[in-house]
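See below for the structure under consideration.
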Amino acid sequence: MAAPRKLEKFCFPQDLQYIGTRGQGHSASSQKVCVVAVVGKTGLNAHTGKATPLNQVFDKQIFQSLAQQDLNIDTEMCTIEGHLDESQQVLFLHLLSGYDTYILADMCEKASDTLNTKGYNTFWQQEDHQHARALLFLFSVSHIIMLVNAGQSFDVSYVRLFRTLDSIRQKLLPSVTDILKAFPVSKDWMMSGRLCSPRVLFVFDKCTIAEERVEDRSRGQEIASIKKLQHAIEDQIYRVLRKSRVITNISNNSLFAVPANQEFVFVQTPHGVMDDPASFYMNLLKDNCTVTRDSESPRTRSYQMLRRCNMNNNSSAANNSSSTSAVSHRSSSSGSHSFKEFLTQHIELALTKGFNDNVGRNPVPALFELPTINMWLRVASKLYEFFTIDQKDTKVRPHFNTLKSLLEIDTRFSDGRCSKVIPVAETTYQEGLPKHYTRAVHLAKLSQAKRVFAQHARGPAFDKYLQQLEEECEKIWKNGRQLCEHVSLTGSPCIHELHRLPSSEETPENSHLPVKSHSSQVKTRAACNCGQKQGDRDDPFDQKSANYTFYQNLERQCCEKLQHHHFPAYHAAPQEDATAQASAEDVPRQDNPNLEPVIAALGNLSLPHSSEQSLEVDDLFPTGERLSQQPSQLQPPLLEGNSTSQQVPEDPAIVEIGTVSSVKTSDREGLTEKLNADFLTGMLHSCSPPGVLPKYPAWSLVCLATYSSYSPVTGIDQPGFMHGSNYLLPWDILVKGDREKWPAINEAPGGKKGKNKRGQKSIPEPAEINMKVYLGLEYECPRGHRFFCSGPEKIIKVPGSGPPKDNANKLLSNDMPLYFPCHCRSSKGLMAQLMRIYIATPEGPTNISINPRIQPAPLPCPVFMPSHDGAIVLPQGGIWVLRLPYVYMGDHGPYRIPTEANNLPACRLLKGMFAYTHGE
């Protein structure tokens, strides 16, 4: 007779073939075995495991805690480890899953990202599903299932799990039968799909009562208190399982059975096995601090010695009990409390008679099959693959999906709850919505809908349905109700639905949109360049319409024929002769034939492409060829219709125009190769790259009338001026000059001429001449009201006929505000903007120059100016009107009027705009 084989340890599914191969040809391979499965939960103590009580059965340290094992466990799915003891004809199966503390901790560590993003419920659903499928496998291949409870009370959540497993087992039974047909098994095993209706034993790993003997009045005998506790728990579990119909009279029709006349509950006592060294040493520390007379104090014995002593005591107690009384009434074992005895009686019954747990008046024969080791390994290998691995069979897959749905009861409840709240939240979103609305309104209504959803929605499906709510509301908004959110330069949004501009290129993304221009339906009243005609202005959405197009349209009706000063602007490099001629015509011509080649050369000039490619003016001309920039030497060649004091430089090939100077015709080809046409996206300011110009001039300078046409008594006669606020302020300049050439006011020219003694004409001595210049800074409000200011804080008010009592000294020595409160009757408190500057220049031995510099916002806002050339010398004898930009457009957008009153003083016209130089 061959010697018995040693205990074999394996792990599903990779070791099954190895175990089966070793069993072939061996006499023990045909030996029948009882299969015991260990399932349940592990307590928080990492030094224990739910299978460690089986060590008492083997009298060896076989099942260690997971912290002491070096198992290659896949924490994303359940694993089953097995131990085969051929000497006792027992095969133990241990289910390792997320219900074991050590594995759960390892899973949480590896899945930290999933926990943070999707939450615990989503993380646990997959593990719970795999655990249920592993239980289906164990209930199909086991005789005894030991359910370990981490505590001292029965977890009633198992009832729902058992009912779910029983329902799915019945649905999968035809498929399991088909698998078993391929093996030489009995008909009962094949038709039932399992060895038997497994017997479930309940093990509780904690007990808080002391082990003492109490009187059992029902039986008239003394029993241990732990036994009485076990009997009470048995009665409770039996009633719960019967009322929930998990177990029935006929065990063949139930998922499992419990014995009617044997113990099926075992409660571990605290002194059974010391598995926690930390607790041991804590107790030992307490004993060391306590005075005792016991010579054999526990502190003299180590943890390993106490552990081995307890195991030996348990073994001795088990050996002294009679093995023949294993199958008996539970009251017969009331005298001892041994786990080995508790489990052995069920194993021996399975190996001898088998289980028959049917009860009732007409019991039916119980199904029970005791397989050989080889046969069980072959069948278990196929069933393990069937139950734990996803199947491609369309008949089987729906049943496992149903299992997953039944297990996710929280998710199903949450789905049902949230799906009912979604319509309510969508109704809240659509209440009071306009026909078209902006994203801000959409987000506000969406936030309101989310609050309603959050008040009623519950469970793990909250985030999924919240995202669905966002998508539905977004779909409602974008389904023809989306408002164009383009904002005008003044800050008003477009009122049209989402559309594309007439100048926009049609693409597949915007082809369904209507074609129309932006409009905010905001209209303001504004005057033209010279101020003589007013018109309604649409709220501008681009710089061209704000500072150029509107004034050009009014200019055709009013000031088109007036004398203009042309500010520098970008002109693209001409491609044909006609384009070159048109570009040349943009430059004001002079009544001097020497300028013809210069003007022709301007048509072929292009500007620097960027600040990196720009060229300084000093780099383009040799030393001495560039005109001086001193105000006393500047000439006004760009003022049309003025023949007074027009001088041409000695070299007719050089004329300074804006920031770019023309050069000799022979050099223009080389200059064109160096410059590449480009323009500013905004307006010209102090931070603009040199040589790069705006595409459209935002400033205007026109000659309104002659100097003598202005009457200090009546002021400026133009529409929109508030009563008494239309007067220019005098600026008196004392200069020395020839009184005969520049007579004083009220003195006729050509007066009495003196002679010397020889009868020759005497040379007149220079005399002081009072030159009176008139200045005015005009403010204009959105309603078209206009007025002049005499200083930074005062509007000109002349109650009757003029002239005003104030002078222009404050205008010359102070920064003037860009925005000033209008005195018109408006509930909004409108702000007027500085829009025009009037300069009346007299005939005389002086030249008046202007150099406007405007800072439209607090720092670090740049300073805006019409050009980088410096001051502009105004011709004498005219009333000049400098129209300022309506919108100051920077490189990154417009500078709007500040919303905070504290920032208004920073918006200003810098002082030093006006200057004069002596000249003949």
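Things to note:
- Peptides 406-413, 85-92, 165-172 ranked from most to least packed, by the mean per-residue count of other Cβ atoms within 10 Å: 85-92, 165-172, 406-413.
- Distance between modelled label sites at Ser801 and Arg412, nm, 7 Å Cα→Cβ extension: 10.0
- Once the Cβ-Cβ distance of Ser112 and Asp235 is raised to the sixth power relative to R0 = 56 Å, the FRET efficiency obtained is 0.80.
- Efficiency of FRET from Cβ geometry, Asp287 and Asp188, R₀ 41 Å, rounded to 0.05: 0.10
- Were the residues from Lys794 through Arg853 laid out at 0.36 nm apart, the gain over their Cα-Cα distance would be 19.1 nm.
- Net lengthening on full extension, Ser686/Ser813 (0.36 nm per residue, minus Cα-Cα): 43.5 nm
- Protection-proxy order for peptides 512-524, 339-351, each taking the mean of Cβ atoms within 10 Å per residue, highest first: 339-351, 512-524
- Gained length - Ile389 relative to Thr352, 0.36 nm times residue gap less alpha-carbon distance: 9.8 nm
- For Leu96, the residues whose amide H sits under 5 Å from its own are Thr79, Ile80, Glu81, ignoring neighbours fewer than 5 places away on the same chain, with H placed 1.01 Å from N.
- Charged-residue dipole, Cβ positions (Lys, Arg, Asp, Glu), the stretch 408-478 about Cα centre, Debye nearest 20: 240
- Among His564, His723, His143, sorting on how many other beta-carbon atoms sit within 10 Å of each Cβ, with the fewest leading, yields His723, His564, His143.
- With the simple spin-label model, which puts each label point 7 Å out from Cα in the Cβ direction, the His892 to Asp732 separation comes to 5.0 nm.
- Given Lys420/Lys450; Lys523/Lys695; Lys772/Lys805, the pairs whose alpha carbons are separated by over 18 Å: Lys523/Lys695
- When the stretch 393-469 is described by a simple charge dipole with +1 on each Lys and Arg Cβ and -1 on each Asp and Glu Cβ, the residue from Ala461, Ala444, Val396 located farthest towards its positive end is Ala444.
- Those residues of the stretch 538-567 whose amide nitrogen sits under 11 Å from the label point placed on Lys523, 7 Å along Cα→Cβ: 538-539
- In this simple spin-label approximation, Gln467 and Ser504 carry label points 7 Å from Cα along the Cα→Cβ vector, and these lie 3.0 nm apart.
- Calculated FRET efficiency for the pair Leu433/Lys561, C-beta based, R₀ 35 Å, to 0.05: 0.05
- Set of the stretch 430-473 residues, backbone N closer than 13 Å to the point 7 Å along the Cα-Cβ line of Asn479: 430, 471-473
Where a number appears in this text, it was derived from the coordinates with a stated rule and is not lab data. A quick note: this is a predicted structure, and the numbers were derived from the prediction, not measured. Reconstructed Cβ throughout: ideal geometry from the backbone, glycine too, with neighbour counts over all protein chains shown.
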